[in-house]
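Read through the structure below, which is laid out as structure tokens, and then see the notes.
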Amino acid sequence: MAPKRSSRKPLTGRVALVAGATRGAGRGIARALGEAGATVYCTGRSVKGKPSPYGRPETIDDTAAMIKTAGGTAIALRVDHTNESDVRALFRRIMRAHKRIDVVVDSVAGEDPLMGVYGLLWQADLKTADAIFRQGLTSRIITAKYAALAMMPAKRGLIVEVTENDMIGGGGNPMAQAVKMAQKVLPLLWAAELAPHGLAVMAVTPGFLRSESMLQHFGVTEDNWREAGKKDPNFLQSESPLFVGRAVAALAADPKVQDRTGMLFGSWELGRDYGFADYEGRRPDWGRHKIDFSDLPPTWINLFRTGTNLEIKN
């Protein structure tokens, strides 16, 4: 007899995969899915003894340990999601062990340093283009493909692409813009293809995310993060990675999630709809926050203004 799910652990008995669970939104989502009772596979390239190519200390082993310490179930597996054979083997392993996969979340390449190199169209360094597309886009397609193949026989499942902001663009160079745009548009196309098979596909973005790298950038920790508000007032409306994690967990637990397929949601919108809060009880709402742009260079402000006006017009 299947275990009865309580309101506190609505995902008990479910199996989830979070690709890119090493840090940031991916780590927060993995933790929240574990918190809700799911068995969580945490994948990425950073493991103990093989540090991140970004020069950061976080690993998928640490993420799995956090989930286990909180009383959840997690398995850390080193997977290169740009390698199709790696991803195929990952899904085979999950299906052999559990005979099901319910939630697949892809947060790969959220902090890829190649994606973060800013430059206008005519300044773009195209030497890194292939690497950016392989890491940030091809890897997403590979993972979604095998997620769909694993879920289709059961006619149920949720695929979530984690992206950046709820506007058309994103990123600071043409390659990053293309990747971020694809992460928002592909779920719409996949949702149409997979709807007859009972699968839901959507994109989710956090607001101002208090990731490990962002805390380091401001010289604060999670314990004293509000101090960074003295440098950037917008940071006071930031959210921990667990908040967007709880957004995804709420979607996964929603029996009517199919009604939302093909859409792009901000964590703040889902917070309003489902009523969850961040770990300290706050409900940050980036969508209603009036952003203070005063610290940005005038060139950037004009660029954002022009782009926003064009987007609204179209």
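Applying 1/(1 + (r/R0)^6) with R0 = 45 Å to the Cβ-Cβ distance of Arg282 and Leu149 gives a FRET efficiency near 0.70.
Considering only DSSP beta bridges whose two residues both sit in segment 1-125, what percent are antiparallel, to the nearest 5? Taking every DSSP beta bridge with both residues in segment 1-125, the antiparallel ones total about 5 percent.
What value in Å³ per residue do you get for the convex hull of the alpha-carbon atoms in segment 75-219?
Each residue corresponds to 125 Å³ of Cα convex hull volume.
The value of relative contact order for the chain, using C-alpha pairs under 8 Å at least six residues apart, is 17 percent.
With the simple spin-label model, which puts each label point 7 Å out from Cα in the Cβ direction, the Arg8 to Trp122 separation comes to 6.2 nm. Looking at the chain, the DSSP beta bridges with both ends there are about 5 percent antiparallel. Think of it as helices only: each DSSP H run of n ≥ 4 in the chain is worth -39500 (n - 2.57), and spread over all residues that comes to -12000 deg cm²/dmol at 222 nm.
Extension gain for the segment Gln216 to Lys68, taken as residue separation times 0.36 nm less the Cα-Cα distance, is 50.7 nm to one decimal.
Hey, any idea what Rg/Rh is for segment 1-107, computing Rh the Kirkwood way over Cα pairs?
On the way: Rg = 13.5 Å, Rh = 13.8 Å.
When Rh is taken as the Kirkwood radius, the ratio is 0.98.
Most fluctuating residue of Glu222, Glu164, Glu280 in a GNM of the chain with Cα springs under 10 Å: which is it? Answer for the Gaussian network model of the chain: Glu280.
The shape of segment 65-123 can be summarised by an equivalent ellipsoid whose semi-axes, obtained from the alpha carbon gyration tensor, come to 31, 17, 10 Å from longest to shortest. Within segment 226-269, the proportion of Cα pairs with more than 11 Å between them is 72 percent. Mean-square fluctuations from a GNM of the chain, with a 10 angstrom spring cutoff on Cα atoms, peak among Val18, Val117, Val79 at Val117. At q = 0.10, 0.15 Å⁻¹ the log10 of I(q)/I(0) for the chain amounts to -0.54, -1.28, computed by Debye summation with a single uniform scatterer per C-alpha, solvent ignored. Checking every one of the trypsin sites (Lys or Arg not before Pro) in segment 150-206 against DSSP loop status and a limit of 14 other Cβ atoms within 10 Å picks out Lys155. Peptides 291-303, 43-55, 60-72, ordered by how many other C-beta atoms sit within 10 Å of their residues on average, highest first, read 60-72, 43-55, 291-303. Considered as an equivalent ellipsoid built on the Cα gyration tensor, segment 151-303 has semi-axes of 30, 20, 12 Å, the largest given first.
Just the number, please: Stokes-Einstein D of segment 165-236 in µm²/s, Kirkwood Rh from C-alpha pairs, 4 °C, 1.567 mPa s. Provide the component values of the computation, followed by the final result.
On the way: Rh = 14.7 Å.
Using the Kirkwood radius from Cα pairs, D works out to 88 µm²/s.
Which of the chymotrypsin sites (Phe, Trp or Tyr not before Pro) found in segment 212-256 are loop residues per DSSP with 12 or fewer other Cβ atoms within 10 Å of their Cβ? If you can, show how the numbers build up before the last one.
Details: sites: Phe218, Trp225, Phe235, Phe243; in loops: none.
Passing sites in segment 212-256 do not exist.
Along its three principal directions, the equivalent ellipsoid of segment 111-161 from the Cα gyration tensor extends over semi-axes of 33, 10, 8 Å, largest first.
A Stokes-Einstein calculation at 20 °C with viscosity 1.002 mPa s, built on the Kirkwood radius of segment 34-92 over Cα pairs, returns a diffusion coefficient of 177 µm²/s.
No value in this document is a laboratory result; all are computed from the given coordinates. Predicted model only: the values in this text are computed from it and were never measured. Cβ: placed from backbone, ideal geometry, glycine included. Neighbour counts: every protein chain shown.
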